1. Under the rule of at least 5 residues apart or a separate chain, name every residue whose amide H is placed under 5 Å from the amide H of Leu213.
2. Hey, got the dipole for region 8-90? About the Cα centre, +1 on K and R Cβ, -1 on D and E Cβ, debye to the nearest 20?
3. Can you sort Ser149, Ser174 so the residue with the fewest Cβ neighbours within 10 Å comes first?
4. Treating region 102-148 as a set of equal point scatterers at the Cα positions, no solvent, please give the Debye-formula log₁₀ I(q)/I(0) at q = 0.23 Å⁻¹.
5. For region 58-67, just list the computed ³J(HN,Hα) in residue order, Karplus coefficients 6.51, -1.76 and 1.60, θ = phi - 60°, integers in Hz, with x standing in for Gly and Pro.
6. Report the semi-axes of the equivalent ellipsoid for region 112-235 in whole Å, largest first, where each axis is √(5λ) for an eigenvalue λ of the Cα gyration tensor.
7. Stretched out fully, how many nm does the piece from Glu171 to Gln63 gain, at 0.36 nm a residue minus the Cα gap?
8. Could you work out the mean projected area of the convex hull around the alpha carbons of region 16-108, in square nanometres to one decimal?
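Every read-out reported here was derived from the displayed coordinates using simple, explicitly stated rules and does not represent laboratory data. Fair warning: this is a prediction, and the values are worked out from it, not measured in the lab. Neighbour counts run over all protein chains shown; Cβ positions are idealised from the backbone, glycine included.
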Amino acid sequence: MGRMILCRGVEAAKPYTFRLSNVRVRSIEELCHYLYHNIYEVTEDLFDETLIEWLEKEAELPQLAERLRNLTGAGSGLVEIVAGVFRSCDYYSEAEIVYIMGVVEELSHKPYYGRQKIKADNYMKYKKYADAIRGYEKLLNGGMVGNLSPEEYGDALHNLSVAYMHADRLEEASDGFKKAYASNQRPRTLESYLYSLLLSGRGEDMEKEAAALGWGREKADEYKKKMEDYLVEAEGMEELKRLRREWKRTDGMKAGAVPENINRFILEWKAKYREGFRIDQ
């Protein structure tokens, strides 16, 4: 957890693992520490029966588990639920608890579409791209979209397009970046759009888009070279050296099939380049 935590309660033999971050905790103190430092990721659905059962059986806190069951069953707000967890042990002072409750209270007043974007952004943070895509699509394709300003709409669509890149949905990503830039006018979104065209082998389309932006040939060529340099740098990557060694070892492709070890290297290489696409908060 990054800090020594004195556990006054039971240290569970079986840890609880947070689905989003894969962080494991073994005590109520570690649970509170995680919640405190990741409060912007905390939503009502975190306190499901899986966590409640862990508190009851593994952390040996049946009273807290019962309280959380009653609170969640009654549809209580996140403030009351989180307060119940923090006040079940003395790991944090009352002043610290009051502070974190203020943060939760502020988050609880965000409109639903605002909370939906935070949730999708958190999926992106932990590279849960399939979940992020579902979250952003829900935000952008439903009734919530009318609440977004042009900048907010463009930023959310930019993030969805980043998720598409990681999911190998390159054409959808390019289309998304283009629409996002029309809405938010952010240079980073434009750069992502042009780069996505090059990454998907659409260099001519990239040149046409540059011309449509009013760029001269010199500026377009300069930008294209900058983007292509990212790909040229791959020649020096250790992964490609390993790929060549593996290719020789397996005598190249056989029967049109790419060996699993080589395919894995290719996927790792592609993932490194997609790290260049960043989300907008």
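1. none
2. Working: 9 positive and 15 negative charges, 28 e Å.
So the dipole magnitude of region 8-90 works out to roughly 140 debye.
3. Values: Ser149 10, Ser174 26.
Ascending number of Cβ neighbours within 10 Å: Ser149, Ser174.
4. Rounded to two decimals, the profile gives -0.80.
5. Once θ is set to phi - 60°, the couplings for region 58-67 become 8, 7, 6, 10, x, 5, 5, 4, 5, 4 Hz.
6. Details: eigenvalues 157, 57, 21 Å².
Whole-Å semi-axes of the equivalent ellipsoid: 28, 17, 10.
7. Details: separation 108, 0.36 × 108 = 38.88 nm, distance 5.25 nm.
Full-extension gain reported as 33.6 nm.
8. On the way: hull surface 21.0 nm².
Result: 5.2 nm².
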